[in-house]
Amino acid sequence: MQCVPACTTSAVNPQRDHLETAMVKRGNMYKHSALIGVAVLLTIGAGFSTELSTTVHGVGVVTNVDPQAGRLTINHEDIEDFMGAMEMSYPVASVTLLRGLKPGDKVRFVIKRQNGTIVDLNVTDGGP
């Protein structure tokens, strides 16, 4: 004859069996919540795993050059992770960047993210 503990059968202790089932369900719920939390953190981390760069790159067409104000107006395409396409006047780090520029020139430029200053500029042949 084999001896079976009374607490392991629902016929003997249905209340304990119910509690054990609830604990297992709750444990599974916590496991699923934890897995979802880890998945969310990994997803967020993938998008922000590195700091934003200190500069952004743009492509556009010069519409105005103002050496006395130290500004360049460019009608530019979207600048990824910075701003949408628009025409905007930017300060330049050095007026020497403006030498030889004229409205209609197609340019590639680098903007310092912190203050929106153009720090590098190259005239292109045409397309981006």
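The values are calculated or read from the model by the stated rules, or taken from the named source; none is laboratory data. Owing to the predicted nature of the structure, the values given are computational and were not obtained by experimental measurement. In this analysis, Cβ positions are derived from the backbone assuming ideal geometry, glycine residues included, and neighbour counts consider all displayed protein chains.
Quick grid of which residues meet (1) small (Gly, Ala, Ser); (2) modelled with pLDDT of 90 or more; (3) in a helix (DSSP H, G or I); (4) in contact with a His (Cβ under 6 Å, 6 or more places away or on another chain):
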{"site": "Leu42", "(1), (2), (3), (4)": "no, no, yes, no"}
{"site": "Gly60", "(1), (2), (3), (4)": "yes, yes, no, yes"}
{"site": "Thr73", "(1), (2), (3), (4)": "no, yes, no, no"}
{"site": "Leu101", "(1), (2), (3), (4)": "no, yes, no, no"}
{"site": "Ile111", "(1), (2), (3), (4)": "no, yes, no, no"}
{"site": "Ile118", "(1), (2), (3), (4)": "no, no, no, no"}
{"site": "Leu121", "(1), (2), (3), (4)": "no, no, no, no"}
{"site": "Gly126", "(1), (2), (3), (4)": "yes, no, no, no"}
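Of the residues making up the range 78-99, those that are loosely packed, with under 14 Cβ neighbours inside 10 Å and part of a loop (DSSP other than H, G, I, E, B) are Asp78, Glu80, Asp81, Gly84, Ala85, Ser94, Arg99.
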